[in-house]
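Working notes for the structure below.
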Amino acid sequence: MAKIKIVMELFSVALFIFLILSTIVSARQQYATGTFAGGCFWSIEKTFGQLNGVIEVVAGYTGGSGQNPTYEDYAEKGHLEAVQITYDPSKITYSDLLNVFWRQIDPTDAGGQFVDRGKQYRSAVFYHNDEQKSLAEKSKEELGKSGRFDKPIITEIIKASVFYKAEAYQQCYYRKNPIPYEFYRANSGREEYLKKTWNNNEKPPDPAETNSESLKSGKEELKKKLTPLQCEVTQENGTEPAFDNAYWDNKKEGIYVDIVSGEPLFSSIDKYDSGTGWPSFTRPLEPKNIVTKLDTSFFMTRTEVRSAHANSHLGHVFDDGPAPTGLHYCLNSAALRFIPKEDLEKEGYGEYLKLFTKKP
């Protein structure tokens, strides 16, 4: 009798689990998928994720021919940054999603979106069936006839293909890194354009005032997150003492990321002893995450190095470096965070492990 009782209990548990899974599968089958590209996926991910009826928003790469793209090579493989949305059609329609999409982008820009330039940042609607294609084409046509834009609507309507999920650190970036996200958003030009385009009856905001308020608020938050030296270096273009900083003599294997945003910047593979007392590199790990600008402060002419998304001051680059590049990226440790190779996976940078795998 005892064995029969145990068997019956196990059967009940199994039946319960089966019913739960069946309910979940049934619910998932009622959901639909939409895929949109509108420049940096950080920006459109947040807006879609806040809509009632949207179940999930995933950042990723699609539209190209190369397989298994990563942040390092997705552009070379022809992919666009995009988001794939799982939504409940009983709560939000595909037409609703299209209306939200058009209000997040500049549909007349063929060269990218706002501060993000390049074919990988162009706008597109990836349709998953004939109905989505028809709705997308109709909404694009109506937008073009609305008189809201002085230029033609060039956003592409493309049949959906394989969607590759982006790296873990790229997902829900606005939630994981709210301060650098707001910095990026304030400086991208997106907000000013959208307000001007979609609020025609209101006076367009002064970009200088808008950015000033956003940056002021962001810097106050950064002061709570960073040390005084990290704030001085990244936000005030400061310089830390030579030979008295965290990474000038660091010889461990790993990567260096922006202390504010976490965007990958440099690798220990390209680090060398420059004799200056600051961490020095021959080239960036991710060129897309680095920007340079002319610096004429202190009666000198130099090339400043900043991070692309957080706009952090990193240091300077000179042409006195070793082969193969001849460049010398002289940086501040205070602007960086080092992630050793053994921690790359758990920190969400697992795709860089291959850099430190010895070939037989």
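The values are calculated or read from the model by the stated rules, or taken from the named source; none is laboratory data. All values reported here derive from a predicted model rather than from experimental measurement. Reconstructed Cβ throughout: ideal geometry from the backbone, glycine too, with neighbour counts over all protein chains shown.
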How many of the residues making up segment 183-226 are exposed (fewer than 12 other Cβ atoms within 10 Å of the Cβ), assigned to a loop (DSSP other than H, G, I, E, B) and at pLDDT 65 or above? 1
If we ask which residues in segment 132-175 are assigned to a helix (DSSP H, G or I) and either more than 25 Å from the chain's Cα centre (by Cα) or surrounded by 15 or more Cβ atoms within 10 Å (Cβ to Cβ) (or both), their number turns out to be 19
Which ranges mark the strands (runs of 3 or more DSSP E) fully within segment 299-355 that have 1 or more residues being touching a helix residue (DSSP H, G or I) at 6+ places or on another chain (Cβ under 7 Å) and under 25 Å from Leu229 (Cα atoms)? 302-307, 313-318
Please enumerate the residues belonging to segment 73-95 that are outside any loop (DSSP other than H, G, I, E, B) and in contact with a Phe, Trp or Tyr (Cβ under 9 Å, 6 or more places away or on another chain). Leu80, Glu81, Ala82, Val83, Gln84, Ile85, Thr86, Tyr87, Tyr94
Does Val260 satisfy being part of a strand (DSSP E or B) and under 25 Å from the mean Cα position of the chain (by Cα)? no
Residue list for segment 269-290, restricted to those being of a type in the set (Ser, Thr, Tyr), in a loop (DSSP other than H, G, I, E, B) and surrounded by fewer than 19 Cβ atoms within 10 Å (Cβ to Cβ): Thr276
Of Tyr71, Tyr94, which residue is more than 30 Å from Ala186 (Cβ to Cβ), of a type in the set (Ser, Thr, Tyr) and surrounded by 15 or more Cβ atoms within 10 Å (Cβ to Cβ)? Tyr94
Taking segment 278-329 and the residues there that are free of Cβ contacts under 8 Å to residues at least 40 places away in the same chain and in contact with a Gly (Cβ under 7 Å, 6 or more places away or on another chain), the one that is farthest from Glu72 (Cα to Cα) would be Asp319
